[in-house]
1. Just one of (1) in a helix (DSSP H, G or I); (2) at pLDDT below 85 trips up VAL15, so point out which.
2. Do we find that ASN74 is polar (S, T, N, Q) and in contact with a helix residue (DSSP H, G or I) (Cβ under 8 Å, 6 or more places away or on another chain) in this structure?
3. Enumerate the pairs (first residue in the range 66-86 and surrounded by 12 or more Cβ atoms within 10 Å (Cβ to Cβ) and of a type in the set (D, E, K, R); second residue anywhere and in a helix (DSSP H, G or I) and at pLDDT below 85) with beta-carbon separation below 6 Å, excluding pairs fewer than 6 apart on the same chain, so at least 6 apart or on different chains.
4. Conditions: (1) more than 29 Å from the chain's Cα centre (by Cα); (2) at pLDDT 95 or above. LEU70 meets all but one. Number of the miss?
Amino acid sequence: MLDNKDILKLSEIFVTKDDLERSEQKLEDKIIEFKSEIQTGQDKILEKLDILLTEKPIKDAQDKRKTKVLEIHNDALKSNKILSEKQTSEIDGLRVF
């Protein structure tokens with residue numbers, strides 16, 4: 001039969017149930033911490049995405065209005081012969097509108 005000294009010697013070599021439980025608990029804590037970090041990162045990304053999605057339609061509408069104003073200006077400049085043929089062709093070549 002094994003006495004206490006033998007058990008102590010064996011416990012130094014082999015993993016005990018308590019060692020496994022402590023190791024499992026540490027692993028679970030690390031997994032929970034990692035999961036929390038990921039969720040925090042996702043929350044930050046979603047916040048920024050929400051801001052972008054809110055601002056994009058406004059920016060698109062502003063760009064559309066600016067484009068329309070530029071079209072009106074360019075058409076007026078062309079029709080009143082304020083732009084040269086070269087300038088007119090350059091504007092047309094850029095295809096901004």
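The values are calculated or read from the model by the stated rules, or taken from the named source; none is laboratory data. What you are looking at is a predicted structure, and each value in this text was computed from that prediction instead of being measured. Neighbour counts run over all protein chains shown; Cβ positions are idealised from the backbone, glycine included.
1. (1)
2. Values: polar (S, T, N, Q): yes; in contact with a helix residue (DSSP H, G or I) (Cβ under 8 Å, 6 or more places away or on another chain): yes.
The answer is yes for ASN74.
3. Close Cβ pairs satisfying both conditions: LYS78/THR88.
4. Condition not satisfied by LEU70: (2).
Every residue, every condition in (1) assigned to a helix (DSSP H, G or I); (2) modelled with pLDDT under 90; (3) among the basic types (Lys, Arg), yes or no:
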site	(1), (2), (3)
SER11	yes, yes, no
LYS26	yes, no, yes
ASP29	yes, no, no
LYS86	yes, yes, yes
GLY93	yes, yes, no
VAL96	no, yes, no
